[in-house]
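Undergrad: Got a structure for you, written out below as structure tokens; questions coming shortly.
The values are calculated or read from the model by the stated rules, or taken from the named source; none is laboratory data. As the structure is a computational prediction, the values presented were derived from the model and not from experiment. Neighbour counts run over all protein chains shown; Cβ positions are idealised from the backbone, glycine included.
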Amino acid sequence: MAALVAAAAIFAAGCGSSADDSDTGGTAAGKPFVAEREAGIKGDLPPEARRLWRYDTATGRYATVAGDAADFRADLSRPARSFTLAYMDPWASSPFAIPIREGVEREAERLGLRLIYCDAAFKADKAVECAELLARQRPAFAVAGNWQAGAADALMRVFDEARVPTASIDVWQPNSIFYGADNYTSGEIAGRAAGAYARREWNCEDVWLFMGENKEEGKAADQRLVGFADGVQSVCGTIDDDRIHRQRMAAATGDQALTVTTDWLTAHPQAEHLLAVTIDDPRAAGIAKAIGQSGRDGQVAGMTCDDVGVELTKQGPASETNYLGCVAFFPERAAEYLVGIALDVVGGRAVPEEVHLQHEFLTHENIGETYP
């Protein structure tokens, strides 16, 4: 039996060069800072707030049952009977999505499951079309990968009416098991690493925060940015609101991030020391490129450590790349969680309503230990 455990996130030692870099006084330059994490955000619930769910085939709904929902262990044993597993790919060409799909294909083949597939292509209307296509084939379970929060209600109505239980990837959807990042904590990890850099290099003076957002990807994913701002300030102290900026990067591409960031830097020549983050590595790479081209003193913390983030982190030290490192989301492991959830639900076993992975911050100095 293969087993995986989802629990709280961890902050890797590679974030700073010494113990002094990683402590959290929060007073290096600004006033003392105390984070106030927003409670009750679906897709970003802390362990103590999660419920245990079992799928009721009669109603087509998950029902709350008694038990501990803080952790999840995936039993990847071959089921007694094969079944059809549907996989909606959130965006087949995304560097983060590719290893998830490959893992699902690998696990389905190993377990003798019939796999059906549709690519939502990061489009709301296509996600609903995929739900209709997959639901018509009566799968026993569907991984409803959709990264457009605005499509969640419509596509879930399709699966609910067909009595198909589902799990989601990184975007919360109603009546669906959430699998994905511990979003706020992942951002906080990145923020603490960035704050340690700011204290070491700038004594936390004249720090500006720049964050690339896309609210269409859901409130849970946006908590990465909230956590980042809180993490930086937990090290450097309170940063004035007029030095914390958000810019929309809805295309989810490095090219758009490069353009948006370049325009912002041009409009803000006074931003001497810049710490930046966004939702994923492709956009973070665009921000880093803009900082480098401008000659500005700044660093970007990447999110997910997909192929783009790993390559850029390996490319050279942060002083050369303006890429401090990346928070690892381990997409190559996601299939084991997702298929494990499917096996449990189809087998009538209870599963936490949210399953979150552990995170680590990887730098140029330590990334080779995880991604040789």
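Undergrad: Specify the residue that is nearest to residue 277 (Cα to Cα); the eligible residues are those in segment 224-264 that are crowded, with 19+ Cβ neighbours inside 10 Å and in contact with a Leu (Cβ under 7 Å, 6 or more places away or on another chain).
TA: Only one residue fits best here, namely 229.
Undergrad: Mind checking whether some residue in segment 177-197 is among the aliphatic types (A, V, I, L, M), assigned to a strand (DSSP E or B), touching a residue at least 40 places away in the same chain (Cβ under 8 Å) and over 19 Å from residue 296 (Cα atoms)?
TA: Yes - at least one qualifying residue is present in segment 177-197.
Undergrad: Hey, another quick one. Among the residues that make up segment 179-194, is at least one of them under 20 Å from residue 63 (Cα atoms) and either at pLDDT below 95 or touching a Phe, Trp or Tyr at 6+ places or on another chain (Cβ under 7 Å) (or both)?
TA: Yes; the residues of segment 179-194 include at least one that is under 20 Å from residue 63 (Cα atoms) and either at pLDDT below 95 or touching a Phe, Trp or Tyr at 6+ places or on another chain (Cβ under 7 Å) (or both).
Undergrad: Being of a type in the set (Gly, Ala, Ser), touching a strand residue (DSSP E or B) at 6+ places or on another chain (Cβ under 6 Å) and over 22 Å from residue 265 (Cα atoms) is the filter here; which residues of segment 182-232 pass it?
TA: Of the residues in segment 182-232, the ones of a type in the set (Gly, Ala, Ser) are 186-187, 190-191, 193-196, 198, 212, 218, 220-221, 227, 229, 231.
With touching a strand residue (DSSP E or B) at 6+ places or on another chain (Cβ under 6 Å) added as a condition, the list becomes 186, 190, 193-194, 198, 212, 229.
Passing the criteria: 186, 193.
Undergrad: Something else about it: Just to be sure I understand the filter: pairs with C-beta atoms under 8 Å, separated by 6 or more residues or on different chains, first member in segment 226-242 and aromatic (Phe, Trp, Tyr), second member assigned to a helix (DSSP H, G or I). Which pairs pass?
TA: Qualifying pairs under 8 Å: 228/187; 228/188; 228/190; 228/191; 228/194.
Undergrad: When you check residue 135 against the structure, is it farther than 18 Å from residue 345 by Cα and at pLDDT 95 or above, yes or no?
TA: Working: farther than 18 Å from residue 345 by Cα: no; at pLDDT 95 or above: yes.
It is false that residue 135 is farther than 18 Å from residue 345 by Cα and at pLDDT 95 or above.
Undergrad: Of everything in segment 303-331, what is farther than 14 Å from residue 360 by Cβ and out of contact with any Phe, Trp or Tyr (no Cβ under 8 Å at 6 or more places or on another chain)? Give them in sequence order.
TA: Answer for segment 303-331, where residues must be farther than 14 Å from residue 360 by Cβ and out of contact with any Phe, Trp or Tyr (no Cβ under 8 Å at 6 or more places or on another chain): 307, 308, 311, 316, 317, 319, 320, 321, 322, 323.
Undergrad: Return the total of residues in segment 192-212 being under 24 Å from residue 41 (Cα atoms) and touching a helix residue (DSSP H, G or I) at 6+ places or on another chain (Cβ under 6 Å). Give the steps one after another, and end with the answer.
TA: Of segment 192-212, the ones under 24 Å from residue 41 (Cα atoms) are 192, 209-212.
Of the ones still in play, those that are also touching a helix residue (DSSP H, G or I) at 6+ places or on another chain (Cβ under 6 Å) are 192, 209, 211-212.
Number of matching residues: 4.
Undergrad: Being among the basic types (Lys, Arg) and part of a loop (DSSP other than H, G, I, E, B) is the requirement here; does residue 349 meet it?
TA: Values: among the basic types (Lys, Arg): yes; part of a loop (DSSP other than H, G, I, E, B): yes.
Taking the combined requirement at face value, the residue satisfies it.
Undergrad: Another one. Given the options 341, 367, name the one that is closer than 23 Å to residue 199 by Cα and out of contact with any His (no Cβ under 8 Å at 6 or more places or on another chain). Spell out how you get there, then give the answer.
TA: Details: 341 fails: closer than 23 Å to residue 199 by Cα.
Unique residue meeting the criteria: 367.
Undergrad: Could you tell me how many of the residues in segment 313-330 are assigned to a helix (DSSP H, G or I) and surrounded by 24 or more Cβ atoms within 10 Å (Cβ to Cβ)?
TA: 1
Undergrad: More than 21 Å from residue 352 (Cβ to Cβ) and either in contact with a Gly (Cβ under 8 Å, 6 or more places away or on another chain) or not assigned by the TED database to the domain that holds residue 144 (or both) - does that describe any residue in segment 57-67?
TA: Let us first name the residues in segment 57-67 that are more than 21 Å from residue 352 (Cβ to Cβ), namely 58.
Applying the additional criterion that residues be either in contact with a Gly (Cβ under 8 Å, 6 or more places away or on another chain) or not assigned by the TED database to the domain that holds residue 144 (or both) yields none.
No: zero hits.
Undergrad: What number goes with the only condition from (1) within 22 Å of the chain's Cα centre (by Cα); (2) not assigned by the TED database to the domain that holds residue 108 that residue 341 does not pass?
TA: Failing condition for residue 341: (2).
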